[in-house]
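J.: Have a look at the structure that comes next, please.
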Amino acid sequence: MIITSAKPFEEILNMLKDEDYIFVIGCNVCAAKLKTGGEPEVLEMCRRLEESGKHVVGWALPTAACSIRSYESLVEKNEKIKEAHCVLVMGCGSGVSAVATVVDLPIYGSNNTLSLGGSSGGKLLSDQCVMCGDCTISEYGGLCPKAQCPKGLLNGPCGGAVGGMCEVNREKDCVWTLIYERLKKIKRLDLLYVTHAPQEHGFK
Ligand code: SF4
Ligand code: SF4
């Protein structure tokens, strides 16, 4: 799941200051789950834009904003898109880009894209992977220090954790504490004795 947060409405309005006749496109996967682009948020966005003096010509909620078949597939969902002068996408950056490949109009994104995450047991998991292109997560029991340790330590921990919390961000668990607990639970503490060679940290 791509983790997004909604931009403040004033910022969105400012982006659209020279635009009118807006078509709003949500995303019924990640953004819907995060309440940054599902149907209730799309309807609320349309309402607030209208209230601010903008004309909203219509809206659509494709299954995934990042997976758009064609312009015609958007027309099938709502032909009002033909009347639009611009499009506001309520998805992640990938969703905005995908829509831009099929819609020849100015495109705007209403969200900030934060990280690759997920959810488990109703709990939101952010920063699970930074898509380094050389996955070694199996060597850490399924938790990625490249993504979750602010120092990117492959042979952690750094020693600064207090009460299991990271010294860089006191609100987050030290991932190396979590890795230790997990490896202990799955009886693979032997993996902690492996010294990992330095890796390129200039992620693509
Ligand atoms: S090592 Fe970490 S950052 Fe790299 S692909 Fe695997 S999970 Fe993602
Ligand atoms: S406290 Fe843990 S997560 Fe934080 S920088 Fe040190 S090793 Fe990394």
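J.: Given a cut-off of 21 Å, name the pairs among 33/123; 7/80; 33/146; 35/123; 7/77 whose C-alpha atoms lie farther apart than that in the structure shown.
T.: From 33/123; 7/80; 33/146; 35/123; 7/77, over 21 Å: 7/80; 33/146; 7/77.
J.: Which shape class applies to the range 59-200: rounded if a/c is under 1.5, otherwise prolate when a/b exceeds b/c and oblate if not, where a ≥ b ≥ c are the square roots of the Cα gyration tensor eigenvalues?
T.: Cα axes put the range 59-200 in the prolate bin.
J.: With a cut-off of at most 16 other beta carbons within 10 Å, and DSSP calling the residue loop, which GluC sites (Glu not before Pro) in the range 100-196 qualify? Please list them.
T.: The qualifying sites are 167, 171.
J.: Order the following by accessible area, largest value first: 108, 193, 140, 21. Probe radius 1.4 Å; ligands, DNA and RNA are ignored. Present the calculation step by step, with values, prior to reporting the outcome.
T.: On the way: 108 50, 193 195, 140 5, 21 90 Å².
Result of the area sort, largest leading: 193, 21, 108, 140.
J.: How far is helix 175-185 tilted, in degrees, relative to the longest principal axis of the Cα atoms in the chain, given as a value from 0 to 90 rounded to the nearest 10?
T.: Compared with the principal axis, the helix lies near 60 degrees.
J.: How long is the gain from residue 165 to residue 195 if the chain were fully straight, where each residue apart is worth 0.36 nm and the alpha carbon distance is subtracted?
T.: Here the segment from residue 165 to residue 195 would lengthen by 8.5 nm.
J.: What are the ³J(HN,Hα) values, in whole Hz, obtained from phi via the Karplus relation 6.51 cos²θ - 1.76 cosθ + 1.60 with θ = phi - 60°, for each residue of the range 102-112 in sequence order, with x given for Gly and Pro?
T.: The phi angles translate into 10, 10, 8, 9, x, 10, 10, x, 9, 10, 9 Hz.
J.: Under the classification rounded if a/c is under 1.5, otherwise prolate if a/b is larger than b/c and oblate if not, where does the range 154-204 fall, given a ≥ b ≥ c as square roots of the Cα gyration tensor eigenvalues?
T.: Taking the square roots of the gyration eigenvalues as a ≥ b ≥ c, the range 154-204 is oblate.
J.: Another question, then. At residue 10 and residue 63, where each label point lies 7 Å from the Cα along Cα→Cβ, what is the point-to-point distance in nanometres?
T.: The modelled label-to-label distance comes out at 4.0 nm.
J.: Return a whole-number percent for the relative contact order of the chain, with Cα pairs under 8 Å and 6 or more residues apart as the contact set.
T.: 18 percent
J.: Continuing with this model, one more query. Quick one: 3J(HN,Hα) in Hz for the range 35-51, Karplus 6.51/-1.76/1.60 with θ = phi - 60°, rounded, Gly and Pro as x.
T.: For the range 35-51, the Karplus-derived couplings read 6, 10, x, x, 4, x, 6, 5, 5, 5, 4, 4, 4, 5, 5, 4, 4 Hz, x marking Gly and Pro.
J.: While we're looking at this one, here's another question. Percent relative contact order of the range 2-114, based on C-alpha pairs within less than 8 angstrom and at least six residues apart? Let's see the in-between values first.
T.: Working: 237 pairs, mean separation 39.1, N = 113.
That works out to 35 percent.
J.: With unit charges on the beta carbons (Lys and Arg positive, Asp and Glu negative) and the dipole taken about the Cα centre of the chain, which residue among 161, 32, 132 sits farthest to the positive side?
T.: Projecting each Cα onto the dipole axis, the largest value belongs to 161.
J.: When the Karplus curve 6.51 cos²θ - 1.76 cosθ + 1.60 is applied with θ = phi - 60°, which whole-Hz ³J(HN,Hα) does each residue of the range 143-156 get, with x for Gly and Pro?
T.: Rounded to whole hertz, the list is 10, 9, x, 4, 8, 9, 9, x, 8, x, 6, 8, 10, x.
J.: Would you mind checking which residues have amide H under 5 Å from residue 119's amide H? H placed 1.01 Å from N; only 5 or more apart, or other chain.
T.: Here the answer is 125, since their amide H atoms fall under 5 Å of that of residue 119.
The values are calculated or read from the model by the stated rules, or taken from the named source; none is laboratory data. Just so we're clear, the structure is a prediction, and the values are computed from it rather than from any experiment. Positions of Cβ are generated from backbone atoms using ideal geometry, with glycine treated the same way; all protein chains shown enter the neighbour counts. Note: areas computed on protein heavy atoms with side chains; ligands, DNA, RNA excluded. Shrake-Rupley method; radii C 1.70, N 1.55, O 1.52, S 1.80 Å.
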